[in-house]
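K.L.:
Just dropping this structure here.
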Amino acid sequence: MDRILNEPLTEYLIVKKELLKDNQFAKKFTSEFKEIIENAISDKHYIVKNSVGNGNWANCPWIAIFDPLITKTAQEGYYLVYLFCEDMTGVYLSINQGITEVAKTYKKNKKDILLIRANNYRAKIDMLEAYNHTEIDLKISNNNSDSKLYEFGNIYSKFYSKESIPAKEEIIKDLNYFLDKYKELVYNDNEEIDEDEKKGFFEKKQLKYHYRIERNSNLAKQVKKIKGYKCECCSFKFSDKYKHLGEKFIEAHHLYPISKLDFGYHRIDPEKDFAVLCSNCHRMIHKLDDPSDLSGLKRMINQK
């Protein structure tokens, strides 16, 4: 595990003088190092990606861990990432933000937007003083470089100096701690839940995670593509009522019992784990003691 920190810090500035294409170090970084991280993570629903650049060497190579309910790319959302300093004096383990989305959306004040968001995210997690690095310095030589924005996107981090990389046991311990903080942020970064939807025997985190699954746009699109646009409870079709306005409109509801959710460990099947519901049925099923009871809601609708 310590290899993924030691070897880039020692070798990267040397190999950057070579061509990136077919470079052996680049291949090792993007394959072997990725596999090492994947093997170190017990929760297999996370996605690991890394990069040393595209066409040209990156100023700050990175290895990132994504919760697919938040993002599958370093361009948007927030994620956990090893960010190497440009001068290779050290590396940060950082909960950071996708800078590309912000750069495209906000033509001015990008740094301020990232800082505001970072402060908001920090307020949603408990941070240990020992890890509490809210500012990072990637030693960027060009202040106009996009890489500079990662300094402002940092939410929470730990720094490893090239001169004092810890043993692999400590690195793994830190990784698991930051994964817990990332998971905590995912749980807490959600819309408020109505009082009548807070069923007493459901843990709040389970219900929030349930809602997070339903509101994941990429997953919802897959569900609707597979299951169509007719409510599975009352057979309502928005296109029948609202013509072109209702075309391809329906809501995705997660059927896996909330009480059995393991806070991030559940693999999601768009075909088996979801129903497509009209807005009314979706609202009503969340008022049931068991919001996975699709057949129970059907019986209620069909009662004379």
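K.L.:
Considering the range 257-285 alone, what residues qualify as being at pLDDT below 85 and either surrounded by 15 or more Cβ atoms within 10 Å (Cβ to Cβ) or among the β-branched types (Val, Ile, Thr) (or both)?
P.N.:
Hits for the range 257-285 are 258, 261, 263, 264, 266, 268, 270.
Table: residues versus (1) within 25 Å of residue 39 (Cβ to Cβ); (2) without any contact (Cβ under 8 Å) to a residue 24 or more places away in the chain.
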{"position": "91", "(1), (2)": "yes, no"}
{"position": "104", "(1), (2)": "no, yes"}
{"position": "119", "(1), (2)": "no, yes"}
{"position": "152", "(1), (2)": "no, no"}
{"position": "164", "(1), (2)": "yes, yes"}
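K.L.:
Same structure again: Which of the residues spanning the range 149-174 are surrounded by fewer than 19 Cβ atoms within 10 Å (Cβ to Cβ), of a type in the set (D, E, K, R) and under 22 Å from residue 13 (Cα atoms)?
P.N.:
162, 163
K.L.:
For the range 117-144, enumerate the residues that are surrounded by 12 or more Cβ atoms within 10 Å (Cβ to Cβ), more than 21 Å from residue 84 (Cα to Cα) and modelled with pLDDT of 85 or more.
P.N.:
117, 121, 122, 124, 125
K.L.:
Sticking with this one: Regarding residue 47, is this residue among the β-branched types (Val, Ile, Thr), assigned by TED's automatic domain parsing to the domain that holds residue 86 and in contact with a Pro (Cβ under 8 Å, 6 or more places away or on another chain)?
P.N.:
On the way: among the β-branched types (Val, Ile, Thr): yes; assigned by TED's automatic domain parsing to the domain that holds residue 86: yes; in contact with a Pro (Cβ under 8 Å, 6 or more places away or on another chain): yes.
Against the criterion (among the β-branched types (Val, Ile, Thr), assigned by TED's automatic domain parsing to the domain that holds residue 86 and in contact with a Pro (Cβ under 8 Å, 6 or more places away or on another chain)), residue 47 qualifies.
K.L.:
Any residue at all in the range 64-80 that's of a type in the set (Asp, Glu) and touching a Ser or Thr at 6+ places or on another chain (Cβ under 9 Å)? Explain how you work it out, then say what you get.
P.N.:
Applying the first criterion (of a type in the set (Asp, Glu)) to the range 64-80 yields 67, 76.
Among the residues that remain, those that are also touching a Ser or Thr at 6+ places or on another chain (Cβ under 9 Å) are: 76.
The answer is yes; a qualifying residue exists.
K.L.:
Name the helices (runs of 4 or more DSSP H) wholly inside the range 147-224 in which the number of residues that are modelled with pLDDT of 90 or more is 2 or more. Write out each step before concluding.
P.N.:
Details: elements: 149-153, 168-188, 204-214.
Once the helices (runs of 4 or more DSSP H) in the range 147-224 are filtered for at least 2 residues that are modelled with pLDDT of 90 or more, what remains is 149-153, 168-188.
K.L.:
For the range 1-29: of the residues being charged (D, E, K, R) and closer than 22 Å to residue 41 by Cβ, which is surrounded by the fewest Cβ atoms within 10 Å (Cβ to Cβ)?
P.N.:
To start, the set of residues in the range 1-29 that are charged (D, E, K, R) comprises 2-3, 7, 11, 16-18, 21-22, 27-28.
Going one step further and asking which of them are closer than 22 Å to residue 41 by Cβ, we end up with 2-3, 7, 27-28.
Values: 2: 16, 3: 14, 7: 15, 27: 11, 28: 18.
Selected residue: 27.
K.L.:
Let me ask another. What do you reckon, is residue 33 aromatic (Phe, Trp, Tyr) and free of Cβ contacts under 8 Å to residues at least 60 places away in the same chain? Full working, then the answer.
P.N.:
On the way: aromatic (Phe, Trp, Tyr): yes; free of Cβ contacts under 8 Å to residues at least 60 places away in the same chain: yes.
In short, yes.
K.L.:
Oh, and also: For the range 17-68, name all the residues that are over 15 Å from residue 79 (Cα atoms) and among the hydrophobic types (A, V, I, L, M, F, W, C).
P.N.:
The answer is 19, 20, 25, 26, 29, 33, 36, 40, 52, 57, 58, 60.
K.L.:
Same structure, new question: Out of the residues in the range 42-56 that are crowded, with 17+ Cβ neighbours inside 10 Å and not polar (S, T, N, Q), state the one that is nearest to residue 87 (Cα to Cα).
P.N.:
Across the range 42-56, the extreme among qualifying residues is 52.
K.L.:
For the range 212-241, give me the residue count where each residue is surrounded by 15 or more Cβ atoms within 10 Å (Cβ to Cβ), free of Cβ contacts under 8 Å to residues at least 60 places away in the same chain and farther than 23 Å from residue 295 by Cα.
P.N.:
Residues in the range 212-241 being surrounded by 15 or more Cβ atoms within 10 Å (Cβ to Cβ), free of Cβ contacts under 8 Å to residues at least 60 places away in the same chain and farther than 23 Å from residue 295 by Cα: 1 in total.
K.L.:
Does residue 9 meet the test of being within 23 Å of residue 142 (Cβ to Cβ), touching a residue at least 60 places away in the same chain (Cβ under 8 Å) and touching a Lys or Arg at 6+ places or on another chain (Cβ under 8 Å)? Full working, then the answer.
P.N.:
Working: within 23 Å of residue 142 (Cβ to Cβ): yes; touching a residue at least 60 places away in the same chain (Cβ under 8 Å): yes; touching a Lys or Arg at 6+ places or on another chain (Cβ under 8 Å): yes.
Against the criterion (within 23 Å of residue 142 (Cβ to Cβ), touching a residue at least 60 places away in the same chain (Cβ under 8 Å) and touching a Lys or Arg at 6+ places or on another chain (Cβ under 8 Å)), residue 9 qualifies.
K.L.:
If you don't mind, another one. Among the residues of the range 1-53, write down those that are more than 22 Å from the chain's Cα centre (by Cα), within 16 Å of residue 93 (Cβ to Cβ) and among the hydrophobic types (A, V, I, L, M, F, W, C).
P.N.:
Selection gives 1, 5, 9.
K.L.:
On to the next question. Of the residues that make up the range 94-112, is at least one in contact with a Ser or Thr (Cβ under 6 Å, 6 or more places away or on another chain) and buried (at least 18 other Cβ atoms within 10 Å of the Cβ)? Explain how you work it out, then say what you get.
P.N.:
Taking the range 94-112 and keeping what is in contact with a Ser or Thr (Cβ under 6 Å, 6 or more places away or on another chain), we get 94.
Checking the rest, the ones that are also buried (at least 18 other Cβ atoms within 10 Å of the Cβ) come to 94.
Scanning the range 94-112, I find at least one residue that is in contact with a Ser or Thr (Cβ under 6 Å, 6 or more places away or on another chain) and buried (at least 18 other Cβ atoms within 10 Å of the Cβ), so the answer is yes.
K.L.:
Moving on to the next point. Return yes or no: is residue 67 closer than 23 Å to residue 4 by Cα and surrounded by fewer than 19 Cβ atoms within 10 Å (Cβ to Cβ)? Explain how you work it out, then say what you get.
P.N.:
On the way: closer than 23 Å to residue 4 by Cα: yes; surrounded by fewer than 19 Cβ atoms within 10 Å (Cβ to Cβ): no.
The answer is no for residue 67.
The values are calculated or read from the model by the stated rules, or taken from the named source; none is laboratory data. Since we're looking at a predicted model, the values are computed, not measured. So basically every Cβ, Gly included, is an ideal-geometry build from the backbone, and we count neighbours across all protein chains shown.
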